[in-house]
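**Student:** Following this message is one structure expressed as structure tokens.
The values are calculated or read from the model by the stated rules, or taken from the named source; none is laboratory data. Quick caveat, the model's predicted, so the values are computed rather than measured. Every residue, glycine among them, receives a Cβ derived from its backbone with ideal geometry; neighbour counts consider all protein chains shown.
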Amino acid sequence: MHTEDTVKRSQEQLEISAILDQVEHWVTGKRTQAQWTLVAILAGGHVLLNDVPGVAKTRLAKVMSLLLGMSFARIQGTPDLLPSEVTGGAIYDPESRSLRFRPGPIFHHIVLFDEINRATPRTQAALLESMEERQVSADGETHATPEPFLVMATENPIEMEGTFPLPEAQLDRFLLSFGLGYPDETEELTLVRRFSHRDSLSEIEALWDRQTILRLIRRTEEVRLDESVLHYLVSIVRETRKDPLIRLGASPRAAVQYARAARAYALIQGRDYVIPDDVQALAEPLLAHRLIIGAEASVGGERAQQVLESLLARIPAPVEIT
């Protein structure tokens with residue numbers, strides 16, 4: 001039985017490594033961000049990409065959907081975007097002479113909502129309700145979103161004029177938030193050499209399918225989270241509510257999602273158990289966007305990432321895992 005488990009984990013690692021290698025080929029130098037995106041898929045969460053234009057946010061979402069064999073839709077956030085243009089709505093069917101539900105772009109496996117903060121709060125709320133409930137209600141009927149289901153929303157942190165920033169309660173519904181950042185010189189040279197003549201994503205072939213993803217989601221739920229590591233994880237979340245530099249700490253929802261994400265991250269690293277390093281690796285992308293830093297810390301130049309680093313440094317990690 002032990003040998004069977006080892007073989008199974010080895011096969012899973014080959015499958016995961018193949019995906020990450022291909023993402024790194026098509027989105028140069030973004031292996032870490034690809035890992036975090038996989039964490040969100042396997043943990044049943046969603047991603048907020050907060051970065052400047054032109055650093056491959058859309059490309060990452062599109063490449064992931066092609067490699068995973070998942071349907072993809074892109075929605076452009078604008079002030080005149082209606083909720084029904086996201087979720088879908090009733091249309092008249094002349095054949096049956098009745099109204100029928102026409103699904104919107106939210107009914108795809110991976111949905112990229114570009115510049116979510118340019119959409120009105122009403123449209124944002126419709127999207128986030130679909131994310132949370134994984135369903136759309138229309139005319140007394142409930143329509144489930146597909147499984148697996150991932151929303152990747154983007155924000156441009158530079159151009160804030162005419163935007164509707166997401167309130168804290170809505171930010172809390174994103175499992176992870178991170179940027180892609182500019183490539184270093186070597187990475188930028190590589191991507192220019194590779195894609196300056198031809199860049200056709202149509203060449204990408206799916207390495208996974210829906211059944212593969214669902215199987216790995218089930219495997220994620222089996223990853224062991226030792227009590228000592230669980231206490232460590234919860235201690236980090238609770239400390240964000242006590243830290244004098246933090247005005248609003250992480251919610252209990254964040255703690256639950258943290259545990260799910262830690263299991264998914266451990267599986268991606270080739271283990272069937274979570275270690276403290278997994279918890280630490282996810283602290284910034286999982287917690288930073290949920291925190292509101294106090295005015296005193298803001299004046300002093302303290303950012304959420306820096307406060308988290310200080311917080312992690314003073315919480316002892318478990319040494320032994322039983």
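**Student:** Mind checking whether some residue in region 133-143 is surrounded by 17 or more Cβ atoms within 10 Å (Cβ to Cβ) and under 29 Å from residue 54 (Cβ atoms)?
**Tutor:** No, there is no match, as no residue in region 133-143 is surrounded by 17 or more Cβ atoms within 10 Å (Cβ to Cβ) and under 29 Å from residue 54 (Cβ atoms).
**Student:** Residue 23 versus (1) touching a residue at least 40 places away in the same chain (Cβ under 8 Å); (2) under 11 Å from residue 64 (Cα atoms); (3) under 15 Å from the mean Cα position of the chain (by Cα): which is the lone unmet condition?
**Tutor:** With respect to (1) touching a residue at least 40 places away in the same chain (Cβ under 8 Å); (2) under 11 Å from residue 64 (Cα atoms); (3) under 15 Å from the mean Cα position of the chain (by Cα), residue 23 is out only on (3).
**Student:** So which of 71, 98 is among the hydroxyl-bearing types (Ser, Thr, Tyr), touching a residue at least 12 places away in the same chain (Cβ under 8 Å) and in the same structural domain as residue 163 (by TED's automatic domain parsing)?
**Tutor:** On the way: 98 fails: touching a residue at least 12 places away in the same chain (Cβ under 8 Å).
Answer to the selection: 71.
**Student:** Enumerate the pairs (first residue in region 238-254 and in the same structural domain as residue 44 (by TED's automatic domain parsing); second residue anywhere and aliphatic (A, V, I, L, M) and part of a loop (DSSP other than H, G, I, E, B)) with beta-carbon separation below 8 Å, excluding pairs fewer than 6 apart on the same chain, so at least 6 apart or on different chains.
**Tutor:** Every condition considered, no pair remains.
**Student:** From the set of residues in region 183-197 that are outside any helix (DSSP H, G or I) and either touching a strand residue (DSSP E or B) at 6+ places or on another chain (Cβ under 6 Å) or touching a residue at least 60 places away in the same chain (Cβ under 8 Å) (or both), which is surrounded by the fewest Cβ atoms within 10 Å (Cβ to Cβ)?
**Tutor:** Within region 183-197, the subset outside any helix (DSSP H, G or I) is 183-184, 196-197.
Imposing the further condition that a residue be either touching a strand residue (DSSP E or B) at 6+ places or on another chain (Cβ under 6 Å) or touching a residue at least 60 places away in the same chain (Cβ under 8 Å) (or both) reduces the set to 183-184.
Values: 183: 18, 184: 10.
Checked region 183-197; the qualifying residue surrounded by the fewest Cβ atoms within 10 Å (Cβ to Cβ) is 184.
**Student:** Please enumerate the residues belonging to region 46-67 that are more than 17 Å from residue 200 (Cα to Cα) and either among the hydrophobic types (A, V, I, L, M, F, W, C) or not assigned by TED's automatic domain parsing to the domain that holds residue 147 (or both).
**Tutor:** Hits for region 46-67 are 47, 48, 49, 52, 55.
**Student:** Just to be sure, is residue 99 assigned to a strand (DSSP E or B) and at pLDDT below 95?
**Tutor:** Details: assigned to a strand (DSSP E or B): yes; at pLDDT below 95: yes.
Yes.
**Student:** Test of understanding: among 180, 248, which residue is of a type in the set (A, V, I, L, M) and within 30 Å of residue 28 (Cβ to Cβ)?
**Tutor:** Working: 248 fails: within 30 Å of residue 28 (Cβ to Cβ).
Just a single option satisfies the conditions, and that option is 180.
**Student:** Which of the residues that make up region 265-289 are of a type in the set (Ser, Thr, Tyr) and part of a helix (DSSP H, G or I)?
**Tutor:** Initial filter on region 265-289 (of a type in the set (Ser, Thr, Tyr)): 265, 273.
Within region 265-289, 265 is the sole residue that qualifies.
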